[in-house]
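**Student:** Have a look at this one.
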Amino acid sequence: MANPWKEKVLRFNKKRALADEKASDLMTLLGALPPGQVKNLMKDETCARILEKYGVSAE
């Protein structure tokens, strides 16, 4: 008899790993942008709030 909790935990862990990978990829892309592009993103209020939330600055 299969443990239903084990399947649920495995699904959760897989989703979590995918989310972590996406976040890491996004931070890599942001780190590769020239400072001028980051400054342009910071001009948009919504983008600025999101970037600041994750410690990204225009400098």
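The values are calculated or read from the model by the stated rules, or taken from the named source; none is laboratory data. No experiment lies behind these values; they were computed from the predicted model shown. What goes into the accessible areas is simple: the full protein's heavy atoms, side chains included, and nothing from ligands, DNA or RNA. Shrake-Rupley method; radii C 1.70, N 1.55, O 1.52, S 1.80 Å.
**Student:** Out of all the residues in the stretch 1-27, which are closer than 23 Å to Ala58 by Cα and either open to solvent by 90 Å² or more (accessible area, probe 1.4 Å) or of a type in the set (D, E, K, R) (or both)?
**Tutor:** Residues satisfying the conditions are Lys22, Asp25, Leu26.
**Student:** Of everything in the stretch 35-54, what is open to solvent by 70 Å² or more (accessible area, probe 1.4 Å) and not polar (S, T, N, Q)? Give them in sequence order.
**Tutor:** Pro35, Lys39, Lys43, Asp44, Glu45, Arg49, Ile50, Glu52, Lys53, Tyr54
**Student:** Determine whether Met42 is of a type in the set (A, V, I, L, M), modelled with pLDDT under 95 and under 18 Å from the mean Cα position of the chain (by Cα). Spell out how you get there, then give the answer.
**Tutor:** Details: of a type in the set (A, V, I, L, M): yes; modelled with pLDDT under 95: yes; under 18 Å from the mean Cα position of the chain (by Cα): yes.
Taking the combined requirement at face value, the residue satisfies it.
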